[in-house]
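Just below is one structure, and these are the notes that go with it.
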2 protein chains.
Amino acid sequence: MAPKYVLHYWPSIPGRGEYIRLAFEATGTAYTESNEPKTLLKHVMSCSKVGHPPHFAPPVLEIQLEAARSTKSRKTETSEDVKSSSPFFLSQTPAILAYLAPHLGLDGVKKGKNEEDPEVDQIRRAQVNQITLTILDLNSEVHDSHHPVASSAYYEEQVPEAKKRAEDLRKVRLPKFLKLFEETIASNEDEDHLYGSSLTTADLALFQLIDGIQFAFPKRAAALEKSGKYAKVFALKQAVAKLPKIKAYLESERRLPYSDGIFRHYPELDGED
Amino acid sequence: MAPKYVLHYWPSIPGRGEYIRLAFEATGTAYTESNEPKTLLKHVMSCSKVGHPPHFAPPVLEIQLEAARSTKSRKTETSEDVKSSSPFFLSQTPAILAYLAPHLGLDGVKKGKNEEDPEVDQIRRAQVNQITLTILDLNSEVHDSHHPVASSAYYEEQVPEAKKRAEDLRKVRLPKFLKLFEETIASNEDEDHLYGSSLTTADLALFQLIDGIQFAFPKRAAALEKSGKYAKVFALKQAVAKLPKIKAYLESERRLPYSDGIFRHYPELDGED
């Protein structure tokens, strides 16, 4: 019996929770959401209530193993053991994605071919993790473009600094990251994916990152696309959007609109240069 | 036969490479270093020379499986397969640490106890990964305190912004992260570790982070220690430094001094407040 997943995240923004949602949606994996802020905050910075380890920030994934374990492991473990360990709570977007990837078949491991060499499978999973982490690094840099000085202060309190940082993001960082993603696709065995020949967390994360950048920096994103230098990146982004399960999700009410999260559209931070 | 590890990193700074070095040193794992800048740069942003996927930045870990695989898998794979796949190259500090952790016994999994439930072992590894990622997030925030606007520009070009960001780091971010680490140790079954009852990548990363902060922000670090609010964090840092293998490493020439890497001492960015 498969574990039950509950995603704890803020109710009003796609944010980092979206990277987790896309993994579930793309694979048709059952999950529920708990985004009542009070319940959510209970899980963050508060170790006493939900056990070890405490969490710095959402998303927090709740993993319920009871059902699976109570039938499978009854002989070897007492009910007390199960109670004290499950449900488990896991935070940090890349840790959640790396944990989910092999369960959801998003880990870049070809089933059947390399099974005789589990060491190679582990390296392949780690390489998918590498690409996903780099995509999430740019996600964090986008956040810092509107909060370069203090994440807990308002944007309005750091506009001059944000203009400088956003200019660096547009001119230096976006081209540098996109070049890497373009080369990653170009050097892959299959140009429909960043890694291997099947969908991974990296492809889904790239979709979300590019989609968010197109929302936050529409002029700059259009200029980058028009340059033709990153044609494989934009093609992959479009291909993911057209996957039947992703398409259905994007058209559903479960897909939240961008607002004041990581991806924010401040015209003064965008530019065609 | 164990894989051979080669760490590719800059020759002049501890930087992010130090988190990988500590994992090898703490466990007495054989590794070599390749820090000839020309060789190193070949691996970064250049997919054509070292295969897929390309890397955004060092550290890059080279993993040589040939020896192990040529004896073990000769029957099922051709020599061409082995040649095209090994050595493997892996970047992104948290991806390298998460990959190495189970190989080096730094993954928080009690050998023998939970082996009947591999699912729980995977969650434990993911939770160690969660803590390690949060420590590395603060490492990145320390970097951004002297480079809040543009990572490719000089510090001297962004001093006013750095002063603002460093003040936020000292007053808001350091206490927030240290509080979480303190609570993580307090809620653990064993206050000598962040997770579980044995050394993990999280303990080693916390040691390096605190050590770097004490170098970069000596006044602020002393005030935080003196407050007594983070006693378990500073005790754990000291305990790791005293582990025989770590102590020997720290006293060796292999331990590089801090200079102009992530942890930099600019007196104007430090303060006791």
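Bear in mind these aren't lab numbers, they're just calculated from the coordinates by the rules spelled out. Here the structure is a predicted model, which is why all the values come from computation and not from measurement. In this analysis, Cβ positions are derived from the backbone assuming ideal geometry, glycine residues included, and neighbour counts consider all displayed protein chains.
Details
- Cut-off 15 Å between beta-carbons: net charge of the residues surrounding A:Glu25, Lys and Arg +1, Asp and Glu -1: 0
- Stretching the chain fully between A:Glu156 and A:Glu66 yields a gain of 27.7 nm (0.36 nm per residue, less the alpha carbon separation).
- Distances between copies at A:Glu251, taken between label points 7 Å from Cα along the C-beta direction, are 7.0 nm in increasing order.
- 12 Å beta-carbon shell around A:Gly15, net charge (K/R +1, D/E -1): +1
- Kirkwood Rh, angstrom, segment B:118-243 [1 / mean 1/r, Cα pairs]: 15.4
- For segment B:148-195 versus segment A:117-181, the gap between their alpha-carbon centres in whole angstrom: 18
- Sorted from shortest to longest, the distances between the B:Glu33 label points of this copy and the other copies are 4.7 nm, with each point 7 Å from Cα along the line through the beta carbon.
- At most 12 other Cβ within 10 Å, DSSP loop - GluC sites (Glu not before Pro), segment A:224-261: A:Glu251, A:Glu253
- Hypothetical label at A:Asp190: residues of segment A:12-26 whose amide nitrogen lies under 18 Å (7 Å Cα-Cβ projection): A:23, A:26
- For B:Ala239, label point 7 Å along C-beta direction: distances to other copies, nm: 5.0
- Amide H contacts of B:Ser91 (H built 1.01 Å from N, under 5 Å, at least 5 apart or other chain): B:Leu61
- Using only side-chain charges placed at the Cβ, +1 for Lys and Arg and -1 for Asp and Glu, the dipole size of segment A:178-235 relative to its Cα centre rounds to 460 debye.
- Neighbour counting of Cβ atoms within 10 Å sorts the residues B:Phe56, A:Phe234, fewest neighbours leading, into A:Phe234, B:Phe56.
- Partner shielding of A:177-189 amounts to 4, given as the average count of beta-carbon atoms from other chains within 10 Å of each residue beta-carbon.
- Taking the Cα centre of segment A:164-273 as origin and assigning +1 to Lys and Arg Cβ atoms and -1 to Asp and Glu Cβ atoms, the resulting dipole is close to 220 debye.
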